[in-house]
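Q: Next up is a structure, given as structure tokens.
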Amino acid sequence: MVLVLLRIGASDLEQLLTIIENETIIKEGLRKRLIMQIANKRLDVPSKVLEEFITASEILATPRKVNSGKMIVLTGLDKSGKETQAFNPERNPRITSLCDYLRSRSYNVLEISLPSYKNTFGSLVAAYLRKEDADAQILGELDKKVAWILWSLDRAGHVLEVEKWLESSPSNVVVCKRWTETNIAYQRANGIEEKRILDLERNIIKQTYTFVIDVSPETVLQRMHTSGEKPDKYETIEFLKKVRRNYANLHEFYPFGKIFYFDGSGSMEEVNQKLLQKLNELGF
């Protein structure tokens, strides 16, 4: 049994996310404005959680240098192999993760995997996606028109660490599974205009390189079936087809860094060799 650590009504959460999107356009006086708006709405949200929302909003609203240092993002549909190729958490001896490769080349690597399912925002993402192991619960149906903001707030929680890491040494590299481009690829499939996401995440540091591992929706669901994993809210054939098309045209929606595509339908060893070869070509 999963211990639910946070329960929040969909209506209260929807109003809170709407306030955040509207108010973070201007940094000056943001905290005061958010507190006043939240008080006026009388939202039923724990004070500790509200403080986390406000802090993340302040990070989103604070201007900073968005292109800084070396940052590599692996993205693509679920079950495309991102986790294994980026970090190799199972320590499979047949592949060398991007992180291990970079460390072998004397780089210091900061690893980030999103969503951060064990923090407040990531747990709400898991609840929204109806993941069985979510340790939060959204009471009611959260409108998809604002649900995407949860992913942006989750990302905001990593910005200060990434900023400090990249600025402290030219030998420091960030390897991240998913970043802003993933929010755009998935949420455009929900009818969300990419401008809204880019506006809210305008002060989020952007990657130098994006590696898209491309697999078909059919492959995704087959791999999930094989592993015994239950599909979440986004994992249907038709939805994933839309997301895949967005990834294929990502350069039209996400003008940050260089984007490279890799066929993920082969063996993990084949994909791994192509990824490492590209790192080598890029001078790592």
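The numbers here are math on the coordinates, done by the rules we state, and not lab data. No experiment lies behind these values; they were computed from the predicted model shown. All Cβ positions, even for glycine, are placed from backbone atoms using ideal geometry, and neighbour counts span all protein chains on display.
Q: Can you divide the C-alpha Rg of the stretch 177-221 by 2.2 N^0.38 Å and report the result to two decimal places?
A: Values: Rg = 12.3 Å, N = 45, 2.2 N^0.38 = 9.3 Å.
In units of the 2.2 N^0.38 Å rule of thumb, it is 1.31.
Q: Using Cα pairs closer than 8 Å and at least 6 residues apart in sequence, work out the relative contact order for the stretch 42-201, in percent.
A: On the way: 194 pairs, mean separation 50.7, N = 160.
Rounded, it is 32 percent for the stretch 42-201.
Q: Are there GluC sites (Glu not before Pro) in the stretch 21-69 that DSSP marks as loop and that have at most 13 other Cβ atoms within 10 Å, and which are they?
A: Details: sites: GLU21, GLU23, GLU28, GLU51, GLU52, GLU58; in loops: GLU28.
Answer by residue number: GLU28.
Q: Considering only Cα-Cα distances, which of the following residue pairs are longer than 31 Å: LYS70/LYS230; LYS70/LYS195; LYS70/LYS233; LYS41/LYS79? Walk me through the intermediate numbers first.
A: Details: LYS70/LYS230 35 Å; LYS70/LYS195 25 Å; LYS70/LYS233 33 Å; LYS41/LYS79 40 Å.
With Cα atoms farther than 31 Å apart: LYS70/LYS230; LYS70/LYS233; LYS41/LYS79.
Q: Next question. How long is the gain from ASN22 to LEU5 if the chain were fully straight, where each residue apart is worth 0.36 nm and the alpha carbon distance is subtracted?
A: On the way: separation 17, 0.36 × 17 = 6.12 nm, distance 2.80 nm.
So the chain would gain 3.3 nm between ASN22 and LEU5.
Q: Still on this structure, I have one more. On a C-alpha basis, how far is the centre of the stretch 153-195 from the centre of the stretch 67-94 in Å? Whole number, if you could?
A: The stretch 153-195 and the stretch 67-94 have Cα centres spaced 14 Å from each other.
Q: Enumerate by residue number the trypsin sites (Lys or Arg not before Pro) in the stretch 94-131 meeting two conditions: DSSP loop (anything except H, G, I, E, B), and at most 10 other Cβ atoms within 10 Å of the site's Cβ. Mind dumping the intermediate values first?
A: Numbers: sites: ARG94, ARG103, ARG105, LYS118, ARG130, LYS131; in loops: ARG94, ARG105, LYS118, ARG130, LYS131.
Passing sites in the stretch 94-131 are ARG94, LYS118.
Q: Report the label-to-label distance for GLU270 and ARG223 in nanometres (one decimal), using points 7 Å from each Cα along the Cα→Cβ vector.
A: My value for the distance between the label points is 1.4 nm.
Q: When only DSSP loop residues count, what trypsin sites (Lys or Arg not before Pro) in the stretch 202-239 have their Cβ near at most 12 other Cβ atoms within 10 Å?
A: Working: sites: ARG202, LYS206, ARG223, LYS233; in loops: ARG202, LYS233.
Counting only loop positions with at most 12 other Cβ atoms within 10 Å, the trypsin sites (Lys or Arg not before Pro) in the stretch 202-239 are LYS233.
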